[in-house]
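*Asks:* For reference, the structure I am asking about is given below.
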Ligand SMILES: Nc1ncnc2c1ncn2[C@@H]1O[C@H](COP(=O)(O)OP(=O)(O)O)[C@@H](O)[C@H]1O
Ligand SMILES: [Mg+2]
């Protein structure tokens, strides 16, 4: 093509005199504006940042480790031991900080595995459709029909009780929701004209699936991942509380609550503190997830 | 209008007996495109008209192999592409493109205008990233948008502007043939002419061929060299645009033209509206014989039994028994 074409003036009758009505704002800018307007989501986010920072750096600032057994057992709350000590003389506050690391990493790892596996699985089922889709969704139903606890117990029996086993068990039992959400989004998006446009341009399957279908499912995917974290934290806490989860001396929040249970009538606060940590974190994640849900939904303008 | 045929006379696109049906519940088949035969010459526009649901989009999509054809042949530039695999189709995708009806749905909302226009070149590995960017800049100018539009998202544009973005995306591959599937029917009337003018100019500059789908015969007549009229998946009349517009032969074409608002009051033919009785039959349950027999004002007994061929008559092809060689023989006697 020549320069003249580039610089050539448009004829008057083909000039476009339409105006651009909406000011320039990218998808993420708009989402952030809507998210900021949601107080609960904002509070949730601040709490989460605080919890994550505490889990990362808190233990370095403490004079004791999670294993250190002090002479003072079952001490009450004080300036030295914010939440007191447990029956072995370990600082409960410090143990909750370490517990945060375990609980949060279980949550994050499960969420990331979900993100990758659930998205691919649902994306392929929805995109290919037909018999493969029926088969893949049948498998999802089967996996659903087994209670999540059972997976964790089975994995523990196979690989021994460890944080990794809990993560694997929880991940195996929780990716199906993501797969279903991605599948239904992909199914409706693939009927849209921009998908046909990509096909006519010669785009291959992986390009169509990733660049056109999954990119447009980003909102629901982000929300599902965010809500996945507290769900995994809760499952892990619940399992540990039942005694099937992570065991001593390492301790997740669920283990801490479980350890203190025998003394619940004498020292109830030893159970209350780890439970509070679980509740606050789960609520914060849910608030953020809910806020993202509205912020990333293109149908919700303000 | 000038007819720019090649020296060899071989058309750019030829379809023969092209058929596309969709399986529907109950084991039935919905014939969206039924044994259609037509040609598009180089640099030529073939306008396709017909009511909504008559199979125009399905035909355009089958030609571009978005839908696999069930019967018939698609010959592009002398090569039979009917059975080509998706991979073998790739070189032809560069040459055969499509402009869509809905400028809101045909652009990926999460890509910037620059990415949208660049994507076809990335897919076909044309040029370097830098040369592609330059090409995007150039195309933006060709379709009448501004350079700073490149970083914006589709939702920031009006319908006409989005259609321009779609046109730029298509032109990135420098195709020879474009299916325009009602490219202006979703636009404001005031914008329609601008987009039509743009398409006409691009055609003149690049010698492109269009298969231009629309339901407004007036407009199709204005931009087309040839016209094809479709009814219930069948092509019922096909030939020179002016001839068909001024002297329609098929009763359905006559009804369509009489129903369109008159632009030319000095028109020689006395305009009286032909009111068609009844509804368009369901394509799932077409009448036996001629598909138009149920609504045709000139219907005869044989029309309900015999499916007419495309007969040569008065310089065009018409699928109506009035013009069969036999009927013509009778009139001549
Ligand atoms: N993917 C499909 N599956 C089943 N039926 C279809 C499909 N696409 C189109 N049809 C049917 O084929 C017929 C022709 O549709 P279409 O080609 O969209 O017509 P037009 O573009 O002329 O309005 C309609 O009856 C429509 O319902
Ligand atoms: Mg259509």
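*Asks:* With chain B treated as a Gaussian network of Cα nodes joined by springs under 10 Å, which of B:122, B:170, B:253 yields the largest mean-square fluctuation?
*Replies:* With Cα springs under 10 Å in chain B, the top fluctuation among B:122, B:170, B:253 is at B:122.
*Asks:* Something else now. Got a sec? How would A:173, A:247 order by Cβ neighbour count within 10 Å, fewest to most? Can you show the working numbers first?
*Replies:* Details: A:173 21, A:247 15.
So the residues, fewest neighbours to most, are A:247, A:173.
*Asks:* Ratio to report: Rg/Rh of the stretch A:147-296, with Cα atoms as the point set and Rh obtained by the Kirkwood method; give two decimals.
*Replies:* On the way: Rg = 20.5 Å, Rh = 17.9 Å.
Here Rg/Rh amounts to 1.15.
*Asks:* Something else: Calculate the spin-label point distance for residue B:37 paired with residue A:139, positioning each point 7 Å from the Cα along the beta-carbon direction, and give it in nanometres.
*Replies:* In this crude spin-label approximation the distance works out to 4.9 nm.
*Asks:* For the protein assembly as shown, what proportion of DSSP beta bridges, expressed in % and rounded to the nearest 5, is antiparallel? Working shown, then result.
*Replies:* Details: 29 of 46 bridges.
Taking every DSSP beta bridge within the protein assembly as shown, about 65 percent pair in antiparallel fashion.
*Asks:* With each label point set 7 Å from Cα along the Cα-Cβ vector, what nm distance links residue A:43 and residue B:133?
*Replies:* Each label point is offset 7 Å from its Cα along the Cβ direction, giving 4.7 nm.
*Asks:* Over the C-alpha atoms of the protein assembly as shown, what are the Rg and the largest Cα-to-Cα span, Dmax, in Å?
*Replies:* My reading of the Cα-based Rg and Dmax gives 33.5, 125 Å.
*Asks:* Something else: Between residue A:205 and residue A:62, what's the calculated FRET efficiency when r is the beta-carbon distance and R0 is 35 Å? Round to 0.05. Can you show the working numbers first?
*Replies:* Details: r = 53 Å, r/R0 = 1.50.
Rounded to the nearest 0.05, the efficiency is 0.10.
*Asks:* How large are Rg and Dmax for the stretch B:13-328 when calculated on the C-alpha trace, in angstrom?
*Replies:* 20.6, 67
*Asks:* For chain A, what is the calculated [θ] at 222 nm in deg cm²/dmol (nearest 500), taking -39500 (n - 2.57) for each run of four or more DSSP H residues and dividing by its residue count?
*Replies:* Numbers: 13 runs with 192 residues, N = 302.
That comes out to -20500 deg cm²/dmol.
*Asks:* Can you compute the equivalent ellipsoid semi-axes for the stretch B:134-178, i.e. the square root of 5 times each eigenvalue of the Cα gyration tensor, sorted largest first and rounded to whole Å? Before the final figure, lay out the partial values.
*Replies:* Details: eigenvalues 62, 32, 12 Å².
So the equivalent ellipsoid measures 18, 13, 8 Å along its semi-axes.
*Asks:* Okay, next question. Among rounded, prolate and oblate, which fits chain A when a ≥ b ≥ c are the square roots of the eigenvalues of its C-alpha gyration tensor, a/c under 1.5 means rounded, and a/b larger than b/c means prolate? Don't skip to the end; give the middle numbers.
*Replies:* Working: a/c = 3.34, a/b = 1.88, b/c = 1.77.
Since a/c reaches 1.5 and a/b is larger than b/c, the shape of chain A is classed as prolate.
*Asks:* Compute the distance in nm between two label points, each set 7 Å from the Cα along the Cα-to-Cβ direction, one at residue B:126 and one at residue A:159.
*Replies:* 4.9
*Asks:* What FRET efficiency would be calculated for the residue pair residue A:52, residue A:117, taking the C-beta separation as r and a Förster radius of 25 Å, to the nearest 0.05?
*Replies:* On the way: r = 24 Å, r/R0 = 0.95.
According to the calculation, E is roughly 0.55.
*Asks:* Round to the nearest 10 and give me the degree value, 0 to 90, for the angle of helix B:113-123's Cα axis relative to the longest principal axis of chain B.
*Replies:* 80
*Asks:* Normalising by the residue count of chain B, find the relative contact order in percent from Cα pairs under 8 Å and 6+ residues apart.
*Replies:* Details: 608 pairs, mean separation 63.5, N = 333.
Relative contact order here is 19 percent.
*Asks:* Would you list A:50, A:108 from fewest to most Cβ contacts within 10 Å?
*Replies:* Details: A:50 12, A:108 17.
Arranged by neighbour count, lowest to highest, A:50, A:108 become A:50, A:108.
*Asks:* Estimate the FRET efficiency between residue B:326 and residue B:282 by the formula 1/(1 + (r/R0)^6), using the beta-carbon distance for r and 22 Å for R0, to the nearest 0.05.
*Replies:* Values: r = 31 Å, r/R0 = 1.39.
Efficiency for this residue pair is about 0.10.
*Asks:* I'm checking a number: the convex hull volume of the Cα atoms of the stretch B:1-112, normalised per residue, in Å³. What is it?
*Replies:* Details: hull volume 18.9 nm³, N = 112.
Measuring per residue, one finds 169 Å³ for the Cα hull of the stretch B:1-112.
*Asks:* Next up: Within 10 Å of each residue's Cβ, count the other Cβ atoms and sort B:219, A:269 from fewest upward.
*Replies:* Working: B:219 20, A:269 15.
Ascending Cβ contact count within 10 Å gives the list A:269, B:219.
*Asks:* Related question: First obtain the Kirkwood hydrodynamic radius of the stretch A:70-132 from its Cα pairs, then insert it into the Stokes-Einstein equation at 25 °C and 0.890 mPa s, and state the resulting D in µm² per second as a whole number. Don't skip to the answer; put the middle values down first.
*Replies:* Working: Rh = 14.9 Å.
My calculation gives 164 µm²/s for D.
Taken together, the values in this text are just the output of simple stated rules run on the coordinates, not laboratory data. Please read all numbers here as calculations on a predicted model, not as lab measurements. Please note: Cβ atoms are built from the backbone with ideal geometry, for glycine as well, and neighbour counts cover all protein chains shown.
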